[in-house]
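Values quoted throughout were computed directly from the atomic coordinates according to the rules given, and no laboratory measurement underlies them. For clarity, every value in this text was computed on a predicted model and none was experimentally measured. Positions of Cβ are generated from backbone atoms using ideal geometry, with glycine treated the same way; all protein chains shown enter the neighbour counts.
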Amino acid sequence: MKLRLGVVLWLMSWIPYGIILGLSGAWLTASWAFEFLLGVCGLALAGTEFAQAVKTQGWKRAPAIAWHALVHGKDVEDVVPEL
């Protein structure tokens, strides 16, 4: 679930909120900072989960486990490797 949340936050960081809302000046800068923080938080969450997959199953199986966790909404610890 953390992996999904991290990916969603990272994707949301690519939405240009300041431009959509028609902001300018300091408010545009604040919205850019908000987008940046969304991206960093998303990468931190998703990266932590991926690191857990690497620790439990190694580099070869980690992408498959992360993909399975992302698609099925499970935590990385709950995914049983099918390889």
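Tell me, please, whether a residue that is closer than 17 Å to residue 69 by Cβ and of a type in the set (A, V, I, L, M, F, W, C) can be found in the stretch 31-42.
There is no residue in the stretch 31-42 that is closer than 17 Å to residue 69 by Cβ and of a type in the set (A, V, I, L, M, F, W, C).
Taking helices (runs of 4 or more DSSP H) that fall entirely within the stretch 6-83, which contain at least 3 residues that are surrounded by fewer than 16 Cβ atoms within 10 Å (Cβ to Cβ)?
The qualifying helices (runs of 4 or more DSSP H) are 26-57, 62-72.
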